Amino acid sequence: MTNSFVNTARLLGAGLRALLVLTLVTGVVYPLAVTGVAQSLLRGAANGSEIEADGKVVGSSLIGQSYDLPPKKGRHTPEPDLRWFQGRPADGLGLNTLNTRYKLILSGATNLAADNEVLADRVEAAKAAVVKDNSVPGYTVDPADVPADAVTSSGSGLDPAVSPQYAELQVHRVAARNGLPVARVERLVEEHTEGRTLGFIGEPRVNVLELNVALRELTANR
């Protein structure tokens with residue numbers, strides 16, 4: 001009876017010591033080490049890849065956001081603010097009971113097949129809107145020049161970037177709305193066009209938030 005009690009106490013003591021050591025290593029030392037390395041070597045990424053403008057955080061370079069006007073009375077869908085470059089559609093979001101467009105509660109694609117009539121109609125409507133919004137005096141958008149990313153959402157619905165082709169298609173409209181020379185806005189797009197990662201991964205892209213921050217600075221300093 002005594003030996004059994006002693007053995008049990010010894011086992012419990014060993015288990016408690018192991019618990020304390022593992023808690024200290026995995027719950028304190030390891031998280032502190034990882035956090036220290038991340039803050040030292042990858043501070044921007046570790047803190048959410050934040051983008052600042054005028055001394056305050058305006059978003060993340062990893063998350064797309066909308067550039068819309070305040071909704072008009074009686075309308076639930078806001079119109080795009082055409083002074084700014086527009087990102088990809090976010091058709092996969094806000095399809096439940098809560099409209100979570102560009103909120104970090106929900107992300108996802110439409111899950112509609114390529115031959116789905118709803119998707120086909122949505123793409124055609126989006127293409128017509130792109131042509132209409134970006135056609136300005138002296139420059140008319142050809143429907144055949146509208147790239148796929150201008151009328152379709154990404155898999156997450158939160159893609160922060162557009163193709164250089166879509167950004168360039170918006171140049172004349174942005175220039176006209178902001179009273180800027182077309183050549184200057186074209187140069188702005190070129191300056192914010194990123195190539196393929198490591199030269200072969202993905203596609204060339206333009207981060208819309210970074211581009212719009214630069215556009216704001218350009219118009220403020222005009």
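Rule-based calculations on the coordinates, nothing more; no lab input. If you're wondering where the values come from, they're calculated on a predicted model, not measured in any experiment. Virtual Cβ from ideal backbone geometry, glycine too; neighbours counted across all protein chains shown.
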Let me know the charge dipole size of the chain about its Cα centre in debye, to the nearest 20, where only the beta-carbon of Lys, Arg (+1) and Asp, Glu (-1) is charged. 920 debye
Relative to the longest principal axis of the chain, what angle (0 to 90°, nearest 10) does the C-alpha long axis of helix 182-191 take? 20 degrees
For the chain, the longest principal axis of the Cα atoms and the Cα long axis of helix 2-24 enclose an angle in degrees, to the nearest 10, of 30 degrees
Pull up all non-local amide H partners of VAL136: gap of 5 or more, or a different chain, and H-to-H distance under 5 Å with H placed in the peptide plane. VAL141
Taking the 0 to 90 degree range and rounding to the nearest ten, how far is the long axis of helix 117-134 tilted relative to the main principal axis of the chain, both from C-alpha atoms? 60 degrees
If you take the square roots of the eigenvalues of the alpha-carbon gyration tensor of the stretch 50-220 and sort them as a ≥ b ≥ c, do you get rounded (a/c under 1.5), prolate (a/b over b/c) or oblate? rounded
Determine the shape class of the stretch 121-222: with a ≥ b ≥ c the square roots of the Cα gyration tensor eigenvalues, call it rounded for a/c under 1.5, and otherwise prolate if a/b is greater than b/c, oblate otherwise. oblate
Local charge sum around ASN116 (other residues, Cβ-Cβ under 13 Å, Lys/Arg +1, Asp/Glu -1)? -4
Where Lys and Arg each count +1 and Asp and Glu each count -1, what net charge lies around SER163 among other residues with Cβ under 14 Å from its Cβ? -4
Amide H of VAL58: which non-local residues (sequence gap of 5 or more, or other chain) have their own amide H closer than 5 Å, using H built in the peptide plane? ILE51, GLU52, ALA53
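At 222 nm, what helix-only mean residue ellipticity would the chain give, in deg cm²/dmol to the nearest 500, using -39500 (n - 2.57) for each DSSP H run of four or more?
Numbers: 8 runs with 94 residues, N = 222.
Result for the chain: -13000 deg cm²/dmol, rounded to the nearest 500.
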Given a Förster distance of 35 angstrom, what is the FRET efficiency for LEU42 paired with SER66, based on the Cβ-Cβ distance and rounded to 0.05? 0.80
If I take every Cα pair under 8 Å that is 6 or more residues apart in the chain, average their sequence separation and divide by the length, what percent do I get for the relative contact order? 18 percent
